[in-house]
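Structure first, commentary second.
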Amino acid sequence: MDFDQLKQDIIEYSKEIGIDKIGFTTADSFSEMKNRLIRQEILGYQSGFEEKDIEKRVDPSLIFDGPKSIIAIALAYPSRMKDAPQSKRGERRGIFCRASWGTDYHHVLRDRLATLEDYIVSRVPQARFKSMVDTGELVDRAVAERAGIGWSGKNCSIITPEFGSYVYLGEMVTNLPFEPDEPMEDQCGTCNKCVDVCPTGALIEGGQLDAQKCIAFLTQTKGFLADEYRVKLGNRLYGCDTCQTVCPENKGKDFHFHKEMEPDPEIAKPLLKPLLTISNREFKERYGHVSGSWRGKKPIQRNAIIALAHYKDETAIEDLIEVMKNDVRPVMRGTAAWALGKIGGSEAEEALLTQQVIEEDDEVLAEIEKGMVMLAPDAG
């Protein structure tokens, strides 16, 4: 079998099926990444969403029998929304990060990888694969970096010369021996913009992320958000793009190659108040197709409450009072109480005083107290 020719044929076919960039690397262990992951674990920087076994994250032979190569793919996604609705008084809006625009990228990339698998099997019937997108054992960024897709930026994203860091990544471990591509040299240089502007200081240094502080991670948590992060959240409902939008390599980069990735403006930038009362069924029907829905409606609703507080939206006071009084979830009641204090006004104060008498949950009572403190004349 002429694997060099097959590699070229795969590259050409990948373009036909909507893969924007493809690279090949060995199935050797990712030793440098192993050291990074161990350090992350020691420092407590992991999000908790990762594969727990570090060895599986860096050694393809532990997750695939007889690996010879890994094929990495990248698909470019849009950075700008067409006809984005404006947020205005009484109609304040939240925002989903760009990686949650359009159809869930896990489905899009898995479809491309499955199509590529079918093609390779048609050429080599004995070919075997294990394809992954984001939730697999291997570290997508490490694979893409070694396969020459791009370099690993200080913002902890793969940055490609063609598309910047606005790319989704996936990979395919296979038993076929392809010639590896050359990794790309780091091109961030002395630029430190992403590290300097990270809202929470989650980028500790170039290429190292404390996921516990990262807004993209925090928006996906389900409990009470620490006070220090609430003020940083802004109107973000899911994810954070700050470290991408400030990157010089992303300037002018906006690609609309894939219809599935085009955002519905009313989904990507939704009105906040309707989110407070959306049912599970409605949430699934409306948002279930986007990647930002994977944790369910609870984090999105909590973040919507914080966003209304960020805007100091007085038109939301009645809605927030309703949540504080009647929502069965303490996180929602408590966050609504805090938001009422943040927005202020006599109606909010009266509602907090009334709820303080009847509320039985200690955490919610603590949030009511925070709200009352913010309402005090000398609260600043």
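No value in this document is a laboratory result; all are computed from the given coordinates. If you're wondering where the values come from, they're calculated on a predicted model, not measured in any experiment. Methodologically, a virtual Cβ is constructed for each residue, glycine included, from the backbone with ideal geometry; neighbour enumeration extends over all protein chains shown.
Quick look at the values:
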{"quantity": "Square roots of five times the Cα gyration tensor eigenvalues for the stretch 1-65, Å", "calculated": "32, 15, 10"}
{"quantity": "Simple Cβ-charge dipole of the stretch 228-380, Lys/Arg +1 and Asp/Glu -1, about Cα centre, in debye nearest 20", "calculated": "720 debye"}
{"quantity": "Unit charges at the beta carbon, dipole of the stretch 1-41: most positive-side option, Gly23, Ile10, Ile38", "calculated": "Ile38"}
{"quantity": "Volume in Å³ per residue [convex hull over Cα atoms, computed for the stretch 248-327]", "calculated": "131 Å³"}
{"quantity": "Derived scalar couplings ³J(HN,Hα) [the stretch 23-33; Karplus, 6.51 cos²θ - 1.76 cosθ + 1.60; whole Hz; x for Gly, Pro]", "calculated": "x, 10, 8, 6, 9, 5, 5, 8, 5, 5, 5"}
{"quantity": "Cα extents of the chain along the three principal axes, largest first (Å)", "calculated": "78, 41, 37"}
{"quantity": "Scaled radius of gyration (Cα, divided by 2.2 N^0.38 Å) that the stretch 42-174 gives", "calculated": "1.25"}
{"quantity": "Under DSSP loop assignment and at most 14 Cβ neighbours within 10 Å, longest trypsin sites (Lys or Arg not before Pro)-free interval of the chain", "calculated": "90-221"}
{"quantity": "Given charges at Cβ of Lys, Arg, Asp, Glu: the chain dipole, positive-most of Ala376, Gly66, Tyr287", "calculated": "Ala376"}
{"quantity": "Stokes-Einstein D for the stretch 170-325, Kirkwood Rh over Cα pairs, 37 °C, 0.692 mPa s (µm²/s)", "calculated": "178 µm²/s"}
{"quantity": "CD proxy at 222 nm, helix term only [per DSSP H run n ≥ 4: -39500 (n - 2.57); per residue of the chain; nearest 500]", "calculated": "-12000 deg cm²/dmol"}
{"quantity": "Unpaired by the 4.7 Å Cβ criterion, cysteines found in the chain", "calculated": "Cys97, Cys156, Cys188, Cys191, Cys198, Cys214, Cys240, Cys247"}
{"quantity": "Dipole magnitude of the chain, debye to nearest 20 (Cβ charges: Lys/Arg +1, Asp/Glu -1, about Cα centre)", "calculated": "520 debye"}
{"quantity": "In sequence order, calculated HN-Hα J values of the stretch 183-191 (Karplus, 6.51, -1.76, 1.60; Hz; x Gly/Pro)", "calculated": "x, 8, 5, 4, 10, 6, x, 8, 4"}
